[in-house]
Amino acid sequence: MQKAYKLHGVHRHYDWGGTEFIPNLMKAQNPDQKPFAEYWMGAHPSAPAQIDTPNGVVSINEFDSIPYLFKVLDVAKMLSIQVHPSIESAIIGYELEDNAGIDINASNRNYKDKNHKPEVMVALSDFWLLHGFLAPDLLEARLNEYFYFHPLVDHFRGVDYQGLYSFFMQLSNDDADRILKPLMMDAVASVARGEVDKSHPHWWANKYYNGLVPDKGIDKGIFSIYILNIVAVKKYQGVFQGAGLLHAYLEGQNIELMANSDNVLRGGLTPKHIDIIELLNHIKFIPTIPNVLMGDPINAFETNYPCPVADFGLTKIALNKGESYTIQTKSLEMLLVTEGEIVIDGIVYKAGEVAMAKALEHITIQASQATVVFKSFVP
């Protein structure tokens with residue numbers, strides 16, 4: 001009986017995506033230079049993967065259900081500042097919006113389902129993201145560093161993350177612009193003079209507006225770039241992000257594994273719906289010391305990226321040409337080849353291709369080239 005099947009995911013062409021990385025990975029043509037932002041591998045209702053079987057192509061939904069969504073991302077433009085609710089909050093929020101008669105597809109709907117959305121990412125290139133609030137001393141120094149932030153110092157007082165963020169996010173557009181316009185002028189000038197690099201918030205403020213200074217209505221998400229940690233993640237390093245953590249992807253390519261949910265509360269850098277009050281109710285107003293995951297070796301071939309949730313797990317398998325490795329599957333699992341080529345039960349999987357392995361099977365992976373494979377599973 002066949003133990004593994006070739007899986008075909010779904011491309012997502014969001015405007016923030018790059019035009020080369022995913023097509024190159026998957027040997028796909030892109031003559032129109034469309035943005036290839038994400039490649040989804042999972043059973044999400046809006047884009048279920050398709051599976052090659054001896055009886056033809058079928059939906060992944062005809063196999064066991066999976067509680068996660070596996071993705072490849074190419075972030076060319078910055079993504080929105082956002083936070084994800086806990087599962088308890090998602091249930092409450094979903095039912096409140098349902099009872100209020102807000103259509104599930106309405107643009108002002110915050111809760112699309114009753115699930116949380118923890119996520120882990122592993123970089124496939126140099127990757128940059130915003131990840132949690134700066135430590136108190138760093139944030140206080142940042143507020144004192146620039147004259148346009150001085151009106152905010154008294155709202156932080158060295159410890160009050162909630163007071164600072166809530167005050168700023170509820171400013172009128174005119175009052176916010178009085179802070180953000182000189183900030184943008186400073187950022188654009190600093191980049192033009194070559195004084196800052198990607199480790200500095202000016203770099204990203206300048207990038208968001210393409211080196212221009214808006215006259216008015218500057219996105220309040222710009223402020224978050226200055227009060228959150230800017231984290232650089234090297235290839236094959238990872239980051240886990242749980243409920244309540246304010247974050248945003250800035251630039252680069254990665255794989256991402258998350259709980260099957262669409263619940264996102266946004267705080268800027270987006271034209272999409274922003275519900276400030278609901279956002280403020282779900283942020284953990286505490287400093288974050290970024291924990292970059294280096295990966296914990298399981299054995300000579302497989303490395304685990306710890307994920308403190310029951311929804312998913314992620315490992316990396318690296319094999320040299322001619323080596324083989326047998327895994328014991330715990331659940332319906334996916335094996336994404338990012339480099340090289342493998343063979344499972346006589347079926348060849350090249351870079352960019354995915355094997356879906358059935359639960360409770362011994363699966364032998366044979367490397368016909370030096371290979372890197374990422375495995376998603378339910379613990």
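Taking other Cβ within 10 Å of each residue's Cβ, how do V159, V72 sort, fewest first?
On the way: V159 13, V72 26.
Ranked by crowding around the Cβ, least crowded first: V159, V72.
Could you tell me the calculated FRET efficiency between V292 and M1, based on Cβ-Cβ distance and R0 = 45 angstrom, to the nearest 0.05?
Working: r = 41 Å, r/R0 = 0.92.
About 0.60, to the nearest 0.05.
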Each label point is 7 Å from the Cα along the Cα-to-Cβ direction; what then is the distance between the points at A300 and K235, in nm?
2.4
For the stretch 297-377, just list the percent of Cα-Cα distances falling in each 5 Å bin from zero outward, please.
3, 16, 29, 28, 17, 5, 2, 0
Testing the spin-label approximation: label points 7 Å from Cα along Cα→Cβ at E20 and L212. State their distance in nm.
2.5
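If you wrap a convex hull around the C-alpha atoms of the stretch 9-101 and split its volume per residue, what is the figure in Å³? Working shown, then result.
Numbers: hull volume 15.0 nm³, N = 93.
Cα convex hull per residue, to the nearest whole number: 161 Å³.
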Taking the convex hull of Cα positions in the stretch 155-204, its mean projected area over all directions (nm²)
4.3
How would R266, R12 line up from fewest to most surrounding beta-carbon atoms within 10 angstrom?
R12, R266
Calculated FRET efficiency, H13 and V159, Cβ-Cβ r, R0 41 Å, to nearest 0.05?
0.40
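Go ahead and run the numbers for FRET between V343 and A28, Cβ-Cβ distance against an R0 of 35 Å, rounding to 0.05. Spell out each step's value before the answer.
On the way: r = 22 Å, r/R0 = 0.63.
The value I calculate is 0.95.
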Helix 136-145 sits at what angle to the longest principal axis of the chain, using alpha carbons and giving 0 to 90 degrees rounded to 10?
50
When the Karplus curve 6.51 cos²θ - 1.76 cosθ + 1.60 is applied with θ = phi - 60°, which whole-Hz ³J(HN,Hα) does each residue of the stretch 219-225 get, with x for Gly and Pro?
4, 5, x, 4, 4, 4, 4
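Can I get the semi-axes of the chain's equivalent ellipsoid? Compute them from the C-alpha gyration tensor as square roots of 5 times the eigenvalues, in angstrom, largest first. Don't skip to the answer; put the middle values down first.
On the way: eigenvalues 305, 105, 73 Å².
The three semi-axes for the chain are 39, 23, 19 Å.
How long is the gain from S125 to V196 if the chain were fully straight, where each residue apart is worth 0.36 nm and the alpha carbon distance is subtracted? Please report the intermediate quantities before stating the final value.
Details: separation 71, 0.36 × 71 = 25.56 nm, distance 2.12 nm.
23.4 nm is the gain from fully extending S125 to V196.
Based on other C-beta atoms within 10 Å, arrange H247, H200 from fewest to most.
On the way: H247 24, H200 17.
Ordered from fewest to most neighbouring Cβ atoms within 10 Å, H247, H200 come out as H200, H247.
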Coarse-grained scattering of the stretch 138-221 at q = 0.11, 0.25, 0.26 Å⁻¹, given as base-10 log I(q)/I(0) from a Debye sum over alpha-carbon atoms:
-0.30, -1.30, -1.34
Among G340, T326, V354 - extreme Cα towards positive end, dipole of the stretch 315-360, charges at beta-carbon
T326
Applying the gyration tensor rule to the Cα atoms of the stretch 156-300 (axes a ≥ b ≥ c; rounded if a/c under 1.5, else prolate if a/b exceeds b/c, else oblate), the class is oblate
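Bear in mind these aren't lab numbers, they're just calculated from the coordinates by the rules spelled out. A quick note: this is a predicted structure, and the numbers were derived from the prediction, not measured. Positions of Cβ are backbone-derived with ideal geometry, glycine not excepted, and every protein chain shown enters the neighbour counts.
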